[in-house]
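Report on the following structure.
Quick note: the coordinates plus some simple rules give every number you see, no bench work behind them. Given the structure is predicted, the values throughout are model-derived calculations rather than measurements. Note that we place each Cβ from the backbone using ideal geometry, even for glycine, and neighbour counts take in every protein chain shown.
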Amino acid sequence: MINIDSLVKEFGAKRAVDGISFTVERGEVVGFLGPNGSGKSTTMRMITGYYAPSAGKVSVGGHDVVESPLEAKRLIGYLPENAAAYADMTVQGFLAFCAELRGLAGTAKKQAIGRAVERCFLSSVLHQSIDTLSKGYRHRTCLAQALIHDPEVLILDEPTDGLDPNQKHEVRNLIRELGKTKAVVFSTHILEEVDAACTRAIIIDRGRVVAQGTPDELGRPLDEVFRRLTTADTVKR
Amino acid sequence: MKSVWIIAKREMGSYFSSPVAYVFLVIFLLLTGFFTFTAGQFFERGEASLGAFFGWHPWLYLVLVPAAGMRLWAEERRSGTIELLMTMPITPWQAIAGKFLASWAFLAVALALTFPVVVTVNVLGSPDNGMIVTGYLGSFLLAGAYLAITCLTSAMTRNQVVALILSVVACLFLILVGFNPVTDLMTRWASPALIDTVAAFSVVTHFDGFQKGAIDTRDLLYFMSVIGFALFATNVVLRNR
């Protein structure tokens with residue numbers, strides 16, 4: 001479903017992503033690991049068509065993200081980092097807005113909102129304005145937006161960030177379940193999530209893939225593997 | 001078209017869901033009232049026309065239109081929702097058009113609420129109502145031109161204040177190149193042809209045509225090209241974010 005071929009992104013002189021290639025098939029949940037600033041979010045932004053790649057190719061469901069962006073974007077559900085949402089809207093209004101932009105209307109829209117609300121446990125705050133929500137609820141509202149059109153591809157940038165342990169557990173279960181029928185990529189720096197939700201993990205460091213495989217193939221304990229493969233930004237280079 | 005409408009609808013909603021819209025409308029109406037009746041000496045003129053009303057619009061809009069539009073893209077950038085919007089299956093043009101049209105419609109509402117001056121002048125005398133209609137059309141186009149420039153400056157920054165200042169300066173420039181005191185200064189050293197060319201870039205030159213009751217294609221074309229160009233530049237800025 002997702003095909004990434006020698007992807008590069010440069011910001012001025014800085015190479016944030018330096019020739020990343022991987023593929024994700026339907027039925028896979030890929031955990032995207034790496035230290036802060038290793039290029040995880042930048043890569044995800046190129047998959048979703050927010051950034052144009054400096055070089056290389058991304059295709060989603062066979063559609064090149066640069067050449068036919070609308071077809072590719074239709075297949076993707078995206079949870080951006082920090083889970084941005086329009087603060088002045090209610091949860092209901094925001095989800096309706098996203099559903100409409102996804103081309104849903106009438107009963108289909110109503111059902112889509114109902115399903116997303118149920119999946120993300122939002123029914124108690126449906127009519128509350130988003131700027132009055134706690135971080136966890138805001139995060140789940142944005143996650144609901146990503147799921148609203150039942151997409152084939154899910155790109156989730158730190159989906160469990162800011163959630164309490166119960167919510168984290170629920171979201172991981174949700175990801176695992178969604179992964180049975182969809183292609184899911186999610187980024188995290190919580191290593192236990194790799195075991196809890198992923199079928200495969202990709203570790204990147206300074207814009208390059210340094211390891212990939214099932215959690216068992218990567219070796220145990222995971223945090224030692226992670227530390228060996230990546231450069232801590234506390235270490236002088 | 002449908003996506004444009006969905007985005008415009010949300011943008012309209014966000015004006016009226018906060019106090020911004022009401023504060024804006026009240027200030028706009030107070031200021032138009034003040035400029036028309038006090039500074040414009042509406043009664044002392046003894047004319048059945050809205051010259052005193054429309055004459056101030058280029059200056060009044062100078063701050064008010066950027067204030068109404070500065071939020072459009074700067075707020076999306078600051079809050080990060082631009083990432084959400086730009087990864088939806090819509091083209092950047094649909095987002096730009098939706099936001100611009102919603103804001104322009106809001107300004108049209110503000111302008112429509114000045115109807116009491118039209119009533120007043122009709123009660124007191126018998127004005128040329130055709131001229132009032134073209135006056136309103138000119139004023140609406142002027143607001144659109146300023147707004148398109150504000151869209152552009154708003155797309156450049158995540159700070160609304162910076163967007164406001166940049167657009168006020170840009171709009172002020174468009175006024176001053178055709179403002180009589182400025183063009184008079186230029187007569188000392190520039191040829192009349194040059195002055196006319198420079199003045200042709202000014203909003204005032206083209207706005208005045210409408211106040212005389214004429215709808216000149218050149219004036220229409222001028223405002224449409226300013227709007228078109230500024231929105232096109234907005235698209236370029238957004239693409240190179």
Sorted by chain and then number, the residues having a modelled amide H within less than 5 Å of the amide H of residue A:77, at least 5 places away or on another chain, are A:153, A:154, A:155
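As an exercise, take the mean of 1/r over every pair of distinct alpha carbons in segment B:145-241, invert it, and state the Kirkwood radius in angstroms. Mind showing how you got there, number by number?
Numbers: mean 1/r = 0.0685 Å⁻¹.
Kirkwood radius, segment B:145-241: 14.6 Å.
Arranged from highest to lowest average of other beta-carbon atoms within 10 Å per residue, in what order do the peptides B:38-51, B:67-80, B:130-143, B:203-216 appear? Can you show the working numbers first?
Numbers: B:38-51: 14.5, B:67-80: 22.1, B:130-143: 20.4, B:203-216: 18.8.
Output ranking for B:38-51, B:67-80, B:130-143, B:203-216: B:67-80, B:130-143, B:203-216, B:38-51.
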Longest principal axis of chain B (C-alpha) makes with the long axis of helix B:115-124 (C-alpha) an angle, in degrees to the nearest 10, of 10
tail above 21 Å in the computed P(r) of segment A:119-237, as % of all Cα-Cα pairs, reads 46
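Could you give me D for chain B, from Stokes-Einstein at 20 °C and 1.002 mPa s, where the hydrodynamic radius is the Kirkwood radius over C-alpha pairs? Units µm² s⁻¹, please. Display every interim value, and only then the final one.
Values: Rh = 18.9 Å.
Answer from the Stokes-Einstein relation: 114 µm²/s.
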Restricting to Cα pairs under 8 Å and 6 or more apart, the percent relative contact order of chain A works out to 28
If amide H atoms are modeled at 1.01 Å from N in the peptide plane, then the residues at a separation of 5 or more from residue A:209, or on another chain, having amide H under 5 Å from its own are A:21
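Taking beta carbons within 10 Å but only from partner chains, what does the mean come to for residues A:40-51?
Mean shielding count: 2.
Could you pull out the chymotrypsin sites (Phe, Trp or Tyr not before Pro) across segment A:1-66 that fall in loop regions by DSSP (anything but H, G, I, E, B) with no more than 14 other Cβ atoms inside 10 Å?
Working: sites: A:11, A:22, A:32, A:50, A:51; in loops: A:50, A:51.
For chymotrypsin sites (Phe, Trp or Tyr not before Pro) across segment A:1-66 that sit outside H, G, I, E and B with at most 14 neighbouring Cβ atoms in 10 Å, the list is empty.
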Partner shielding of A:80-91, taken as the mean number of other chain Cβ atoms within 10 Å, equals 5
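So for each of B:60-66, B:176-182 I average, over its residues, the number of other beta carbons within 10 Å; can you give me the resulting order with the highest mean first?
Top to bottom by mean Cβ count within 10 Å: B:60-66, B:176-182.
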In Å³ per residue, the alpha-carbon convex hull of segment B:50-139 encloses 101
Ordering A:52-59, A:137-144 by per-residue average of other C-beta atoms within 10 angstrom, highest first, gives A:137-144, A:52-59
Per principal axis, largest first, the Cα atoms of the protein assembly as shown extend in Å by 90, 53, 39
Sites removed, the longest contiguous part of chain A containing no DSSP-loop GluC sites (Glu not before Pro) with at most 15 other Cβ within 10 Å is A:68-237
Between the Cα axis of helix B:160-176 and the main Cα principal axis of chain B, the angle (0 to 90°, nearest 10) is 30
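From the convex hull of the Cα coordinates of segment A:19-89, what is the mean projected area in square nanometres? The partial results should precede the final answer.
Numbers: hull surface 24.7 nm².
Averaged projected area of segment A:19-89's Cα convex hull equals 6.2 nm².
Hey, what number do you get for chain A at 222 nm if only DSSP H runs of n ≥ 4 count, each worth -39500 (n - 2.57), divided across all residues, to the nearest 500?
Numbers: 9 runs with 85 residues, N = 237.
Mean residue ellipticity at 222 nm (helix-derived): -10500 deg cm²/dmol.
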Applied in sequence order to segment B:16-33, the curve 6.51 cos²θ - 1.76 cosθ + 1.60 (Karplus, θ = phi - 60°) yields integer Hz couplings, x standing for Gly and Pro, of 8, 7, 10, x, 3, 4, 6, 4, 4, 4, 5, 5, 4, 5, 4, 5, 4, x
Along segment A:166-178, Karplus-curve 3J(HN,Hα) (6.51, -1.76, 1.60; θ = phi - 60°) to the nearest Hz, with x for Gly and Pro, reads 5, 5, 4, 4, 4, 5, 4, 4, 4, 4, 4, 5, 4
For chain B, longest principal axis from Cα atoms; helix B:92-112 axis from its Cα atoms; angle between them, nearest 10 degrees, is 40
Expected integer from the mean partner chain Cβ neighbour count at 10 Å over B:76-82 is 4
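By how many nm would the segment from residue A:164 to residue A:13 lengthen if fully extended, with 0.36 nm per residue of separation less the alpha-carbon distance? Provide the component values of the computation, followed by the final result.
Working: separation 151, 0.36 × 151 = 54.36 nm, distance 3.89 nm.
Fully extending the segment from residue A:164 to residue A:13 adds 50.5 nm.
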